[in-house]
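*Asks:* Quick one: structure below, then a few questions.
The values are calculated or read from the model by the stated rules, or taken from the named source; none is laboratory data. Remember, it's a predicted structure, so these values are computed and weren't measured experimentally. Heads up, the Cβs are rebuilt from the backbone with ideal geometry, glycines too, and the neighbour counts pull from every protein chain shown. In case anyone asks, the SASA skips ligands and DNA or RNA and just uses the protein heavy atoms, side chains included. Shrake-Rupley method; radii C 1.70, N 1.55, O 1.52, S 1.80 Å.
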Amino acid sequence: MDDFTEDEDQQFFDHINQQSDDQSDDQTDDEGVGRPTTPPSPPLQYQQPRCPVDLNFDHLPHYIDRPHFVHQQHNVQPPVGVLEVGMTFDDKSQCIRAIKEYNIRNHFDCRTIYSDQRRLHFVCKLHENGCTWSLGACNSKRHNKWIIKSIRGHHTCLVPMLRQDHRQLDKHVIAQIIQPIVKTNPTVSIKTLIVEIKTFMNYTPSYKKTWLAKQKALEMIHGNWEESYVKLPKLFGALQSCVPGTVVAAQTESLYEGGEIVPGKRLFKRVFWSFGPCINGFAYCKPIVQVDGTWLYGKYTGTLLIATAQDGANHIFPIAYAIVEGETTSAWGFFLKNLRRHVTPQINISLISDRHPSIISAYNNPSNLWVQDTSHFFCLRHIAQNFLRGNSNCKHLKKPLMLADALATSWGYSCE
């Protein structure tokens, strides 16, 4: 990075301001019709930045006194937020955020006319209409900070009728505002977040923008989907290291690009795991295993399979889990085979499930190790639910069916 002096930085911003003024004077043609102008070309050329945006809300500058901005009336416009020459920021993204929040809180709007790794320059969006406000900031190599170098003019463009939304109140700014709320309550509704944003910023964003901001806030807190899947090997490695006896079995696929295998990269397909204490504890449970699956929701869908047992006090005892692509015969075979091999190798085990064809097919496959010395039964609760779903006139049979299920379970496992 070139080390420019402060005088050179100031000369640069003066040059940009002069060009902006010249273009404002010349923006109309001979007939007086306005025409768009292109951003001025700077005297020096720089490489465009390609750096990630830091969305950490905790590092916003101290000059924004947030408690004073709650419940402000639109007919009263006290000075809220201050930008001053000499203010410093840890990085470029923090500097941009501060400028955005200043304009949002004061009901102004600005646009970027120059941005690179060294310098930023903003002018009012209504600069061509006579508003003289402009701001310049640069990256000081000596201080290793971004510094506001110049603030020229004042905003004279505040309209008396405020808009419902603000152009610069984008999903990134909203995500920073709602991050503490989402962290405390990840299931908070979008309508509640809109109310909080309106109270905090005096603007009402759209439902879509707020929904996107919530997804961004969740990503800021928990990471994105791709990062989570990349961490799976480390997670299971830590479990095996910290929980002795834990078993993990994973399947991956080759990654293809342009019809060729990409070396060193694999695609996640399935994973089975069972904790060591669960494996050891099953030896003291009733010789019964119940399996079921449920859908996963999110960017990457799939199915969570789970196997549970029952201890001597009739308490549910989970023993194994798997994440698979869906309830297919292959996926259930993968789960049942690992379950039998690592967790339930005992004889005279009874497997209880619903009547899903994939489970029946996987159980009857000899390679999955369940055909010999085990029995397969269907869950009466699932049968009752399916029966009542197709026979709405028989709802009076629901309680007798559930009672029969409970009595059968109690009788079957209390007799020796």
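*Asks:* Tell me which residues, restricted to the range 256-278, are open to solvent by less than 80 Å² (accessible area, probe 1.4 Å) and of a type in the set (A, V, I, L, M).
*Replies:* Matches in the range 256-278: VAL262, LEU267, VAL271.
*Asks:* Based on what the data block shows, is THR246 open to solvent by less than 50 Å² (accessible area, probe 1.4 Å) and either under 22 Å from the mean Cα position of the chain (by Cα) or farther than 30 Å from HIS382 by Cα (or both)?
*Replies:* Yes; evaluated as a whole, the condition is true for this residue.
To keep it simple, each residue is scored yes or no on (1) surrounded by 19 or more Cβ atoms within 10 Å (Cβ to Cβ); (2) in contact with a strand residue (DSSP E or B) (Cβ under 8 Å, 6 or more places away or on another chain); (3) among the small types (Gly, Ala, Ser); (4) more than 15 Å from PHE89 (Cβ to Cβ).
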site: ARG119; (1), (2), (3), (4): yes, yes, no, no
site: LYS125; (1), (2), (3), (4): no, yes, no, yes
site: ASN129; (1), (2), (3), (4): no, no, no, yes
site: CYS138; (1), (2), (3), (4): yes, yes, no, no
site: ILE148; (1), (2), (3), (4): yes, yes, no, no
site: GLN176; (1), (2), (3), (4): yes, no, no, no
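Residues checked against (1) within 22 Å of LYS286 (Cβ to Cβ); (2) modelled with pLDDT of 90 or more; (3) in contact with a Lys or Arg (Cβ under 6 Å, 6 or more places away or on another chain); (4) surrounded by 14 or more Cβ atoms within 10 Å (Cβ to Cβ):
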{"residue": "TYR321", "(1), (2), (3), (4)": "yes, yes, no, yes"}
{"residue": "THR328", "(1), (2), (3), (4)": "no, yes, no, yes"}
{"residue": "LEU351", "(1), (2), (3), (4)": "yes, yes, no, yes"}
{"residue": "HIS382", "(1), (2), (3), (4)": "yes, no, no, yes"}
{"residue": "ALA406", "(1), (2), (3), (4)": "yes, no, no, no"}
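*Asks:* It is to be established whether one or more residues within the range 163-174 are open to solvent by less than 50 Å² (accessible area, probe 1.4 Å), over 21 Å from PHE89 (Cα atoms) and either out of contact with any strand residue (DSSP E or B) (no Cβ under 8 Å at 6 or more places or on another chain) or touching a residue at least 12 places away in the same chain (Cβ under 8 Å) (or both).
*Replies:* Within the range 163-174, one or more residues are open to solvent by less than 50 Å² (accessible area, probe 1.4 Å), over 21 Å from PHE89 (Cα atoms) and either out of contact with any strand residue (DSSP E or B) (no Cβ under 8 Å at 6 or more places or on another chain) or touching a residue at least 12 places away in the same chain (Cβ under 8 Å) (or both).
*Asks:* Let me ask you something else. Look at ILE347 and say whether it is outside any helix (DSSP H, G or I) and more than 21 Å from VAL248 (Cβ to Cβ).
*Replies:* yes
To keep it simple, each residue is scored yes or no on (1) farther than 29 Å from GLU227 by Cβ; (2) touching a His at 6+ places or on another chain (Cβ under 9 Å); (3) acidic (Asp, Glu); (4) at pLDDT 95 or above.
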site: LYS269; (1), (2), (3), (4): no, no, no, no
site: LYS299; (1), (2), (3), (4): no, no, no, no
site: ALA362; (1), (2), (3), (4): yes, no, no, yes
site: LEU369; (1), (2), (3), (4): yes, no, no, no
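*Asks:* Test each condition in (1) modelled with pLDDT of 90 or more; (2) in a helix (DSSP H, G or I); (3) open to solvent by less than 80 Å² (accessible area, probe 1.4 Å) for CYS394 and report the one that comes out false.
*Replies:* Unmet condition: (1).
*Asks:* Does GLU253 qualify as being under 23 Å from SER353 (Cα atoms), open to solvent by 30 Å² or more (accessible area, probe 1.4 Å) and within 27 Å of the chain's Cα centre (by Cα)?
*Replies:* Taking the combined requirement at face value, the residue does not satisfy it.
*Asks:* Can you tell me which residue among GLU219, GLU226 is among the acidic types (Asp, Glu), under 20 Å from the mean Cα position of the chain (by Cα) and surrounded by 13 or more Cβ atoms within 10 Å (Cβ to Cβ)?
*Replies:* Within the list GLU219, GLU226, the selection yields GLU219.
*Asks:* Here's another thing I want to ask about it. With the requirement that a residue be among the polar types (S, T, N, Q), assigned to a loop (DSSP other than H, G, I, E, B) and touching a residue at least 24 places away in the same chain (Cβ under 8 Å), what does the range 365-381 give you?
*Replies:* ASN365
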